[in-house]
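The structure appears below as structure tokens.
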Amino acid sequence: MDIREEFLKFFESKNHDRIASAPLVPDDATLLFNNAGMVPFKSIFTGEIPVPENPRATSCQTCIRAGGKHNDLENVGHTARHHTFFEMLGNFSFGNYFKEEAIDYAWEFITEVLKFPVEKLWVTVHESDDEAELLWLKHVSKERIMRLGDADNFWQMGDTGPCGPCSEIFFDQGAEAFSGAEDYMGGEGDRFLEIWNLVFMQYERSADGTLTPLPKPSIDTGMGLERVVAISEGVTSNYGSSLFMPIIQHVEKLIGKEYVYSSGASFRVIADHIRTALFLLAQGVNFSNEGRGYVLRRILRRGVRHGYLLGFSEPFMYKLVDTVVAIMGKEYDYLAQKAEVVKEQIELEEARFFKTIASGIELFNEELKNTKNIFSGEVAFKLYDTFGFPLDLTEDMLKEKHLELDSAKFEELMLEQRTRAKAAWKGSGDDAVHGDFKQLLERFGENTFIGYEHTEHSVEVLALLDENYHNVEKLSAGMNGWVLLDITPFYAQSGGQCGDSGELEFLAKVHDTKKFFGLNMSQISVTKEIKVGNVVEAIVDISRNEITKHHSATHLLHAVLFDVLGDHISQAGSLVEADRLRFDFSHPKALTHAELEAIEAKVNYEVSRGLQAKTEVMNIEEAKKSGAKAQFGEKYGDEVRVVSFADTSVEFCGGVHVQNSANIGSFIITKESGVSAGVRRIEAVCGHAAYNYFTEQRTLMQQVQSDVKNLDILAGIARLKSNVKELKEELQEAQHSAKVEIKADMINGIAVIVDELATGDIKEKIDELKNQHESLCVMLFQVKGDKVMLAAGVKGSDAKAGDWIKNIAPILGGGGGGRPDFAQAGGKDVTKVEEAKVEALKYITKVLG
């Protein structure tokens, strides 16, 4: 049975709209990842936007809990049910049906579709929820209903806002496999497994904690697909199901070891983490040292570390990608489309980390030299924090040496790190936006963008928001805010293209344009009072012309990259502004100079061909079949715009473009760099920015011509190189000729030298003198500015250079020491050099006498 499909079909039969899984990166600045099925509907539940036409929805949402406030990472592999990546089945009512229907639907699906035995099912309700218990008594006996408190059965979105009691459905996996102290209903054991949570959003919590009943309560439910599949297949661990066992079996085959559940945590970690890495990379998240990319890196490296525990010593996780695609590719077709690119990215990241593991082993071995019985907790933490070693890997290596670990110190440092991480968590780094958008949507609906056809148009001011996004009737001169126009020529930032600027003639400057819940709104600074209802001329800034050039050039660049580098190329991000473009793409290594030249030349060739831009609006399936390139994460409706330049470039795109490729003018690559493992970045300029770049380079060249005093720059540089070489040779000759012969006095058959060296390296000079004498005691002084350097060397004598230095350096106001055969020091008093020389000779004469 395809449980995912059966669930969605079941709720479609109950008049729910099927909603596709939203991207793992949410439209929510407070979250790193979508971590629950309700996240894509959060703005509806909070009342920020109106309820959709059909107030019933169902989805299978991909989720990640591995960073920020919701983090299951450390539990993965060590329990039967924790995952970093999982799928959450859900049905939602936005002020439509409530508890009775939610309970009836859940019971019908579990008992009639999934056919779970009734005698295996238990239910919990909030201790105050008499209504829910009464509704459940239609389906289960009273002894199978348990009342629990807020900690278990009350849900809230935040400190304030929608909240309410919840009811959870549990499946009894049987006493045969579970007999621990916590394996009772309500305990922490795995015997009674929670499979479905029904949240009854019936209150609004205010800042003082008061609960006010909502006029239209809602339903939010969540059921973990992995748990339900495991129960349906008769296994007691999610990892024993068909969603994971093919991956685990592939690992078995690669390493040549059998998977045993009791000792197989590393197999389970790898199986979980490869799913997470594949989905994030396929959706455009890349490895990095911050934010989501850092979480991705940690997850993959944790998988690699556990592979190292199993015995892997070279990249292996990338080989598991095809197995995951075989399991999940039907539902998520982009996995197969991105598989080859993702494998390259994973293999590169694995290779880097295997090198780091080697460095960590080196640190471990160094610390072993200082360890008698207990290994340093600080070093174990450094291995964990800097080199990514799991504690169990360090402990395993210590067991081989029959050593123990200072676990208390390790845990102390881990606690400090967690505290710092918690204090530093500030969401995704974007500003969360809350305001009166719901009022605008309910009153006006989404406004219309007319900027494809017009850059100037008469418009009406439908609404104004102040800087805090609150509805106002007017904005006075000098104030800033946002304006909603009935129709707008201003393009809202989207798909990598920046938002338009311009003006509302005589009234306000437009600085930027963005979309808020489908509303196209422009950010303004007011020059003359503006009111709701004003009819005004909206004028897009002339910089739009330059934006279109850079956007169309980005499309041509994308197409040319396929031609020059190969069809493994996949877009990983872009930025289009009036004075530059930036394009990120998958590629395993830095581009050569020849490749960059070829790319630049080919793009300019397509520009010069004068390709007419063609825009078509078509059905999304038709567009996909046409071969048009789509970008994952962009929201496409049933109909999409497809922008093409002849057969050279065909892409889904809602942005603005030139009418003909010749309008781009010139295309110049300014930089190529790496973004993360397997992702490269090209930066370039077009149009007026290309002209500016040219003039800057010309000015720079003229400056260089002036500096090298030659119109032929290369000839001028060659002459300078020759001059430098000649000067170096002259300097060496001067230094050589300045060498003063140092004479030695003999004391009891040993050459003794105490002298001052004007220039040169003291240590080198001492080594040179040692080579000239069978037995030698030498001390040399050198004044450098307001400091004195001194060094001593001994050969073939019982005298000790270190003791000699220690006795003389204090005369110069310094100190030092060293080995018996060589020592050195520094001093601060240059006036005492002669005195120091006299005392040095006295000392060594006495030692040798």
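Evaluate the following for GLY329: is it in contact with a Lys or Arg (Cβ under 8 Å, 6 or more places away or on another chain) and either at pLDDT 95 or above or open to solvent by 10 Å² or more (accessible area, probe 1.4 Å) (or both)?
Values: in contact with a Lys or Arg (Cβ under 8 Å, 6 or more places away or on another chain): no; either at pLDDT 95 or above or open to solvent by 10 Å² or more (accessible area, probe 1.4 Å) (or both): yes.
Answer is no for this residue.
Identify the residue in the stretch 133-176 that is small (Gly, Ala, Ser) and touching a helix residue (DSSP H, G or I) at 6+ places or on another chain (Cβ under 9 Å) and, among all such residues, is surrounded by the most Cβ atoms within 10 Å (Cβ to Cβ). Write out each step before concluding.
Initial filter on the stretch 133-176 (small (Gly, Ala, Ser)): 141, 149, 151, 158, 161, 164, 167, 174-175.
Among the residues that remain, those that are also touching a helix residue (DSSP H, G or I) at 6+ places or on another chain (Cβ under 9 Å) are: 161, 167, 174.
Working: GLY161: 16, SER167: 26, GLY174: 12.
In this case the residue turns out to be SER167.
Can you name the residue in the stretch 801-848 that is assigned to a loop (DSSP other than H, G, I, E, B) and under 20 Å from LYS765 (Cβ atoms) and, of all such residues, is most open to solvent (accessible area, probe 1.4 Å)?
Residues of the stretch 801-848 that are assigned to a loop (DSSP other than H, G, I, E, B), as a first pass: 813-814, 819-821, 828-829.
So of that shortlist, the ones also under 20 Å from LYS765 (Cβ atoms) come out as 814, 819-821.
Numbers: GLY814: 27, ARG819: 134, PRO820: 77, ASP821: 63 Å².
That would be ARG819.
Can you tell me which residue within the stretch 650-690, out of those that are of a type in the set (Ser, Thr, Tyr) and over 15 Å from PHE583 (Cα atoms), is least open to solvent (accessible area, probe 1.4 Å)? Steps first, answer last, please.
Looking only at the stretch 650-690, we keep the residues that are of a type in the set (Ser, Thr, Tyr), and these are 661, 666, 670, 673, 676.
Filter once more, so that each one left must be over 15 Å from PHE583 (Cα atoms): 661, 666.
On the way: SER661: 0, SER666: 56 Å².
The extreme case among them is SER661.
Among the residues of the stretch 509-520, count how many are outside any loop (DSSP other than H, G, I, E, B), open to solvent by less than 30 Å² (accessible area, probe 1.4 Å) and either of a type outside the set (A, V, I, L, M) or at pLDDT below 95 (or both).
Here the count works out to 4.
What pairs can you find where one residue is in the stretch 607-635 and outside any loop (DSSP other than H, G, I, E, B) and surrounded by fewer than 14 Cβ atoms within 10 Å (Cβ to Cβ), the other is among the basic types (Lys, Arg) and at pLDDT 85 or above, and their Cβ atoms are less than 9 Å apart, with a gap of 6+ or different chains?
Listed by first residue and then by second, the contacts come to THR615/ARG641; VAL617/ARG641.
For PHE41, state whether it is hydrophobic (A, V, I, L, M, F, W, C) and either assigned to a helix (DSSP H, G or I) or surrounded by fewer than 18 Cβ atoms within 10 Å (Cβ to Cβ) (or both). Even if it seems obvious, please write down each step before you answer.
On the way: hydrophobic (A, V, I, L, M, F, W, C): yes; either assigned to a helix (DSSP H, G or I) or surrounded by fewer than 18 Cβ atoms within 10 Å (Cβ to Cβ) (or both): yes.
For PHE41, the condition - hydrophobic (A, V, I, L, M, F, W, C) and either assigned to a helix (DSSP H, G or I) or surrounded by fewer than 18 Cβ atoms within 10 Å (Cβ to Cβ) (or both) - is met.
List every residue pair whose Cβ atoms lie under 6 Å apart, where the two residues are 6 or more positions apart in sequence or sit on different chains, the first residue falls within the stretch 383-405 and is of a type in the set (Phe, Trp, Tyr), and the second residue, located anywhere, is outside any helix (DSSP H, G or I) and surrounded by 14 or more Cβ atoms within 10 Å (Cβ to Cβ).
Note: no pairs meet the criteria.
Please specify each residue of the stretch 244-298 satisfying the condition of being outside any helix (DSSP H, G or I) and open to solvent by 20 Å² or more (accessible area, probe 1.4 Å).
Narrowing the stretch 244-298 to residues outside any helix (DSSP H, G or I): 244, 256-260, 264, 283-290.
Residues satisfying the conditions are GLY256, LYS257, GLU258, TYR259, VAL260, GLN283, GLY284, ASN286, SER288, ASN289, GLU290.
Under 7 Å between Cβ atoms, which residue pairs at least 6 apart in sequence (or on different chains) link something in the stretch 481-498 that is over 25 Å from ASP579 (Cα atoms) with a partner that is part of a strand (DSSP E or B) and among the acidic types (Asp, Glu)?
LEU485/GLU460; ASP486/GLU460
Within the stretch 17-38, how many residues are crowded, with 22+ Cβ neighbours inside 10 Å and more than 24 Å from LEU281 (Cβ to Cβ)?
1
Yes/no per residue for (1) closer than 30 Å to VAL25 by Cβ; (2) among the β-branched types (Val, Ile, Thr); (3) more than 28 Å from the chain's Cα centre (by Cα):
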site	(1), (2), (3)
SER644	yes, no, yes
GLY665	no, no, yes
GLY678	yes, no, no
GLY687	no, no, yes
TYR691	no, no, yes
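Which number in (1) of a type in the set (Gly, Ala, Ser); (2) open to solvent by 20 Å² or more (accessible area, probe 1.4 Å); (3) over 27 Å from THR124 (Cβ atoms) marks the one condition that GLY77 misses?
All conditions are met except number (2).
Condition check: in contact with a strand residue (DSSP E or B) (Cβ under 8 Å, 6 or more places away or on another chain) and more than 24 Å from PHE449 (Cα to Cα). Does ALA601 satisfy that?
Details: in contact with a strand residue (DSSP E or B) (Cβ under 8 Å, 6 or more places away or on another chain): no; more than 24 Å from PHE449 (Cα to Cα): yes.
The answer is no for ALA601.
Show the residue pairs that are 6+ apart or on different chains and have beta-carbon atoms under 8 Å apart, the first residue being within the stretch 16-33 and under 22 Å from ILE219 (Cβ atoms) and touching a residue at least 12 places away in the same chain (Cβ under 8 Å), the second being of a type in the set (S, T, N, Q) and open to solvent by 30 Å² or more (accessible area, probe 1.4 Å).
Close Cβ pairs satisfying both conditions: HIS16/ASN54; ASP17/ASN54; ASP28/SER428; LEU31/SER428.
Please verify whether LEU440 is crowded, with 22+ Cβ neighbours inside 10 Å, of a type in the set (A, V, I, L, M, F, W, C) and not in a strand (DSSP E or B), treating the condition exactly as stated.
Numbers: crowded, with 22+ Cβ neighbours inside 10 Å: yes; of a type in the set (A, V, I, L, M, F, W, C): yes; not in a strand (DSSP E or B): yes.
Yes; evaluated as a whole, the condition is true for this residue.
If you scan the stretch 299-326, which residues turn out to be over 22 Å from the mean Cα position of the chain (by Cα), hydroxyl-bearing (Ser, Thr, Tyr) and open to solvent by less than 50 Å² (accessible area, probe 1.4 Å)?
THR323
Give the residue that is nearest to the chain's Cα centre (by Cα), with candidates limited to residues of the stretch 763-800 that are β-branched (Val, Ile, Thr) and crowded, with 19+ Cβ neighbours inside 10 Å.
So in the stretch 763-800, the residues β-branched (Val, Ile, Thr) come out as 766, 778, 783, 788, 794.
Applying the additional criterion that residues be crowded, with 19+ Cβ neighbours inside 10 Å yields 766, 778, 788, 794.
On the way: ILE766: 55, VAL778: 60, VAL788: 52, VAL794: 58 Å.
Once the filter is applied, the top-ranked residue is VAL788.
The values are calculated or read from the model by the stated rules, or taken from the named source; none is laboratory data. What you see is a predicted model; the values in this text were computed from it and never measured. All Cβ positions, even for glycine, are placed from backbone atoms using ideal geometry, and neighbour counts span all protein chains on display. Ligands, DNA and RNA are stripped out before the accessible areas are found, and what is left, the full protein with its side chains, is counted by its heavy atoms. Shrake-Rupley method; radii C 1.70, N 1.55, O 1.52, S 1.80 Å.
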